[in-house]
Structure formats: structure tokens, C-alpha cells
Amino acid sequence: MTQKALVFESKKCIGCRLCEQICSMTHFQVTNPAKSRIRIFRNDREQVDWAVYCRSCPDPECIKACYYEALSRDPETNAIMVNEDNCVGCGECIDKCPYSHPIMHPSENYILICDLCGGNPECVEICPENAIQYAETEN
């Protein structure tokens, strides 16, 4: 079965972090990396940048770990969705994610997970090097 998911190529990334800026701007109308659902990290020794983002796992540990039914999967985009009203900020989803993707909102008591911008990820559109793509993957 194929589905679309974000795919990141670290060799193409130039570390501009425009993806972080557009993500926080799209969701919160501010450019604040702490409110971004994609995070870029730099390994200075190896001169490489890499992204931490939701991999849209076929059997998501984050959803299974949530006791409060705050997480679900969007049937159209396959994104993990957060019901902010149900989320109590316990962090179980963060602990269980093999990619360390979910992060706590910096000032509210709920988590942030990439929602794929409803099927049109803004980070893909803004990346000047096409390091982030929204592509067909097999699960």
C-alpha cells in the first residue's frame, strides 16, 4: 500500500531553516522555531543538517501511547492529528516515538505533531533545495 509522507534528504539541506519558519507562521502566525513541527539540527563536525519530523509510521506508537484519545490519523492525508482539548501534555507520545518527533507546545499544555498542512505541506513548497519532499512511500 502506498501513501504520501514527508521525505528528507540531508545531503540537499543547506540549513536555512525556512521550513521551521513557514511551519510556525502557517500554524501560529509567528516565526518561532519552538512552535515549528519540523526541526532542523546541525552536526558541525560532519557538516550535515538533518530534520526531525513526523514519519507517518504505519503503526504509530504515539497513538497507541496516548491514554486520552488525543491522537488520531487523518484518513485522507495519513497525518497524525492532535485533539488539543483532549491532550493533557503527559508526554507519553514523545517518549514512544522512535523519531523523537512530537514536541510540547512552548507555552500551552499540548503537543505539536506535523499535520502535513492538510495535504499540502508548506515546508515542501518553501525549501529552496528540495530537501523536503511530499512523496509516495510504501508501508
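Remind me, relative contact order of the chain in percent, using alpha carbon pairs under 8 angstrom and six or more residues apart?
RCO, the chain: 34 percent.
Residues within the reach of a label modelled at Phe28 (point 7 angstrom out along Cα to beta-carbon, backbone nitrogen below 16 Å), restricted to region 51-73: there are none.
Taking the charge dipole of the chain about its Cα centre, with +1 at Lys and Arg Cβ atoms and -1 at Asp and Glu Cβ atoms, the residue from Ser56, Asn130, Pro106 reaching farthest to the positive side is Asn130.
Full extension of the chain between Tyr110 and Glu76 gives 9.9 nm of extra length, using 0.36 nm per residue less the Cα-Cα distance. Lysine pairs in the chain whose alpha-carbon atoms fall under 23 angstrom of each other, counting only those eight or more residues apart or on distinct chains, come to 5. With distances taken between every two different alpha-carbon atoms, region 49-93 has a Kirkwood hydrodynamic radius of 11.3 Å. Mind running the shape call on region 12-60? Use the C-alpha gyration tensor, a ≥ b ≥ c as the square roots of the eigenvalues: rounded below 1.5 for a/c, prolate if a/b tops b/c, oblate otherwise. It is oblate, given that a/c is not under 1.5 and a/b is not larger than b/c. For region 34-100, the relative contact order is 28 percent, taking Cα pairs closer than 8 Å that sit 6 or more residues apart in sequence and dividing their mean separation by the residue count. Over all alpha-carbon pairs in region 65-139, figure out the percentage whose distance exceeds 18 Å. The answer is 47 percent, as a whole percent. Here the label points at Asp85 and Lys12, each 7 Å from Cα along the C-beta direction, are separated by 3.9 nm in the simple model.
Among the cysteines of the chain, those with no neighbouring cysteine Cβ under 4.7 Å are Cys13, Cys16, Cys23, Cys57, Cys66, Cys87, Cys90, Cys97, Cys117, Cys127.
Once the cut-off is 25 Å, how many percent of the Cα-Cα pairs in the chain end up in the long-distance tail?
23 percent
Taking Cα centre as origin and charging only the Cβ of basic (Lys, Arg, +1) and acidic (Asp, Glu, -1) residues, the dipole magnitude of region 5-107 rounds to 420 debye. When you filter the GluC sites (Glu not before Pro) in region 64-132 for DSSP loop state and at most 15 other Cβ atoms inside 10 Å of their Cβ, you are left with Glu69, Glu76, Glu84, Glu108, Glu129.
Each value in this text was obtained by applying a stated rule to the coordinates, not by laboratory testing. Everything numeric here is computed off the predicted structure, so don't read it as measured data. Neighbour counts are summed over all protein chains in view; Cβ atoms, including those assigned to glycine, are modelled from backbone coordinates with ideal geometry.
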